[in-house]
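Since every read-out is calculated from the coordinates, none of them should be taken as a lab result. In this text, all values refer to a predicted model and were calculated from it rather than measured experimentally. All Cβ positions, glycine included, derive from the backbone under ideal geometry; neighbour counts span all protein chains shown.
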Amino acid sequence: MTRDFIHINDFIILVEEANANESIVDSCFFDEPIIAVAFYGAGNVKLAVKYEGKQQEYDHTKGLALSFYADEQVEFEHTVSADKPLECVVVATALRNLEKLPSEEGELFGDLLHQLVHPQDHYVEGPRFFMTPEMQTITNQIFHIQYQGKAKMMFFRSQITALLSHFFGQLSMMSEGKIPAGEREKLYRAKEILLSDLENPPSLSELSRQIGLNNFKLKKNFKELFGVPVFKYLQNERLSKAHDLLRYQDISIQEAAWEVGYDSLSSFSNAFLKKFGFRPSDIKR
């Protein structure tokens, strides 16, 4: 388990990464009230937020952007396992620092995260959504920076700025009411259904029936919310899971392909190359 705290102006950046052969539980607390956005990368680790006998659970965290307010009494608990490693970037600012933020950031926090600036409990969940492909790419780059020294920190700062810009951009679109809140929840449910069975996902018609949204709205609004069509998203998740399996587990390329629903090894290898720029065999060398 690695946990690094990096200070950028009045932001605290927490970068957490963990791998485990067996299931482990790791907890962390903040030492003062903060407003934060957590960005989850590869791994789909389980998160439980605990305070005063209450518990909020997040079972599908991969690709999640979650804004929240939390004080010192809130425990953040991650369950890490071999197939669910932890990659999480938390961008936080203390409540006392809100007025010190540059005007753009301060206004965005105040306008779009109003319920977090004026919390009613020890933990308050703000807007959450699954990241666009661009945001996922940035998050992945943060965990695989190859530069060193001052160049590394310069690149890191630029990536955090880009990530926040995308987050508030998506939040602005959501606040304009392009997709009604009820439909967004149904689309989140569609994403969870796809993630729960990557090998044998439901057809588009069956998925539409399960979430109670017609085919047209499912296809149109899924792309609007997540940035890609339904089955392009499914393909991306299949390949990302295969990448994690090959990277973190002792598993063959053929087994990884079967695990995510590919019967043809050549089709799997070609799709993998197109997405990542290298073949699965390059990981196993």
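So here's what we get for this one:
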read-out	value
Residues in region 222-256 reached by a label modelled at Glu125 [backbone nitrogen below 13 Å; 7 Å Cα→Cβ]	none
Using alpha-carbon coordinates, inclination of helix 149-175 to the longest axis of the chain, degrees	90 degrees
Pairs beyond 21 Å (Cα-Cα), from Lys84/Lys274; Lys46/Lys232; Lys191/Lys232; Lys62/Lys232; Lys186/Lys275	Lys84/Lys274; Lys46/Lys232; Lys186/Lys275
Which of Tyr51, Tyr69 has the fewest Cβ neighbours within 10 Å, and the rest in rising order	Tyr51, Tyr69
Extension gain (nm, one decimal) between Lys284 and Ala181, 0.36 nm per residue minus Cα-Cα	32.7 nm
Packing rank of 142-151, 157-166, 3-12, 76-85, where each peptide gets the mean count of other beta carbons within 10 Å, highest leading	76-85, 157-166, 3-12, 142-151
Cut-off 13 Å (backbone N to label point 7 Å along Cα→Cβ of Gln141), residues of region 234-260	none
Size of charge dipole - region 2-173 - debye, nearest 20, with Cβ of Lys, Arg +1 and Asp, Glu -1, no other charges	520 debye
Contact order relative to length of region 230-285, as percent, for alpha carbon pairs under 8 angstrom and 6 or more apart	33 percent
The chain: relative contact order as a whole-number percent, Cα under 8 Å and 6+ apart	16 percent
Added length on full extension, which subtracts the Cα-Cα distance from 0.36 nm per residue, Lys219 to Ser165	16.8 nm
Residues Ser158 and Trp258, FRET efficiency given R0 of 35 Å [Cβ-Cβ distance, rounded to 0.05]	0.35
Helix-only CD estimate at 222 nm, as mean residue ellipticity for the chain, using -39500 (n - 2.57) per DSSP H run (n ≥ 4)	-14000 deg cm²/dmol
Rounded to 10°, Cα long-axis angle of helix 103-112 versus longest principal axis of the chain	70 degrees
Gain on full stretching of the segment that runs from Gln148 to Leu95 - 0.36 nm per residue minus C-alpha separation	15.9 nm
Förster radius 30 Å - calculated FRET efficiency between Phe231 and Ser266, Cβ distance, rounded to 0.05	0.90
Rounded FRET efficiency, nearest 0.05, which uses the C-beta distance separating Ile24 from Glu206 and R0 of 30 Å	0.25
